[in-house]
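The structure appears right after this line, and notes come after that.
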Amino acid sequence: MLAKQISSPFFRHPDIKLYIHYDASRKTKQLEQLRGLIPSDVKFMLTPSRVRCAWGEYSLVQATALLMQTALEDGEFGADYLYLVSGSCTPIRPASSLIKFLKLNNGTDFIESVDISKNKWVLDGNEQERYELYHPFNFRTQRAWFDRFNKFQRRLGIRKLAPNGLNIHFGSQWFTITKNTSPKNCCSTERSKNTEILPHQLDS
């Protein structure tokens, strides 16, 4: 499936280079099989290390930062923009359409960022609990324990407080950002003071 998507004309465009993070939970043999299926006219690079990813966990942030770092350190290809997509994303418009749009909006970053003190972002499910409670159990794979531990924390009145001056925003993890913005995001994930408020896992 992934190899078929990578073979799309979108990724064959000469002005596009694909940076791939392959989940560390998958076998190295599978990664090598994928490498062998990528067409020769697709420019690509694998991240030098891999993270074991789990839905709703901070590991997804780490994998994203690793992708950005790999792209920024690539001396053979100078990207103007970094465009984050998942392995299930399928381009439905030609790459030339995206490139034209970004040239017309050169220097603009495209990131969804909603101030939840002013607007509701979560339509169905927990909102403040995502960052005020601790989440050592995965929402999808350990749902029963996840719910029990949340109830336990509410009963005891446990609540994490955001650092002074930090205004919580929600938004999609998918983005298209400039090469100038990318280093700032990579660096911010490395500062421990910024990860104290972030839950180990996020619920839906």
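The values are calculated or read from the model by the stated rules, or taken from the named source; none is laboratory data. This is a predicted model, so every value here is computed, not measured. Virtual Cβ from ideal backbone geometry, glycine too; neighbours counted across all protein chains shown. Just so you know, the surface numbers come from the protein's heavy atoms only, side chains and all, with ligands and any DNA or RNA stripped out. Shrake-Rupley method; radii C 1.70, N 1.55, O 1.52, S 1.80 Å.
The table below gives the values:
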quantity: Relative contact order for the chain, counting Cα pairs under 8 Å that sit 6 or more residues apart, in percent; calculated: 27
quantity: Residues in the range 29-55 reached by a label modelled at Asp23 [backbone nitrogen below 18 Å; 7 Å Cα→Cβ]; calculated: 29-35, 47, 49-55
quantity: Unit charges on C-beta of K, R, D, E only; dipole of the range 132-178, Debye; calculated: 280
quantity: Coordinate range along principal axes, alpha carbons of the range 94-166, Å, largest first; calculated: 54, 33, 20
quantity: Taking N as its residue count, the alpha carbon Rg of the range 1-52 over 2.2 N^0.38 Å; calculated: 1.13
quantity: Å² of accessible area per residue within the chain, as computed with a 1.4 Å probe and no ligands counted; calculated: 65
quantity: Exceeding the 28 Å Cα-Cα cut-off - candidates Lys27/Lys103; Lys29/Lys184; Lys118/Lys160; Lys100/Lys184; calculated: Lys27/Lys103; Lys29/Lys184
quantity: For the range 46-98, the fraction of alpha-carbon pairs in successive 5 Å shells from zero, as %; calculated: 4, 15, 22, 23, 19, 12, 4
quantity: GluC sites (Glu not before Pro) lying in DSSP loop within the range 1-98, provided at most 16 other Cβ fall within 10 Å; calculated: Glu73, Glu76
quantity: Helix-only [θ]222 nm of the chain, DSSP H runs n ≥ 4, -39500 (n - 2.57) each, per residue, nearest 500; calculated: -9000 deg cm²/dmol
quantity: Long-range HN-HN contacts of Leu18 with modeled amide H, under 5 Å; calculated: Lys43, Phe44, Met45
quantity: Ellipsoid equivalent to the chain - semi-axes via the Cα gyration tensor, in Å; calculated: 33, 21, 16
quantity: Under 16 Å from the Cα of Lys17 - lysines, other chains or at least 8 residues apart; calculated: Lys43, Lys179
quantity: Cα→Cβ-extended label distance, 7 Å offset, between Leu31 and Lys120, nm; calculated: 4.4
quantity: R0 of 30 Å, Cβ-Cβ distance Arg52-Leu2: FRET efficiency to nearest 0.05; calculated: 0.95
quantity: Given charges at beta-carbon only (K, R positive; D, E negative), |dipole| of the chain in Debye; calculated: 480
quantity: Within the accessible area of the chain (1.4 Å probe), percent carbon and sulfur; calculated: 53
quantity: Given charges at Cβ of Lys, Arg, Asp, Glu: the chain dipole, positive-most of Leu161, Tyr19, Ile99; calculated: Leu161
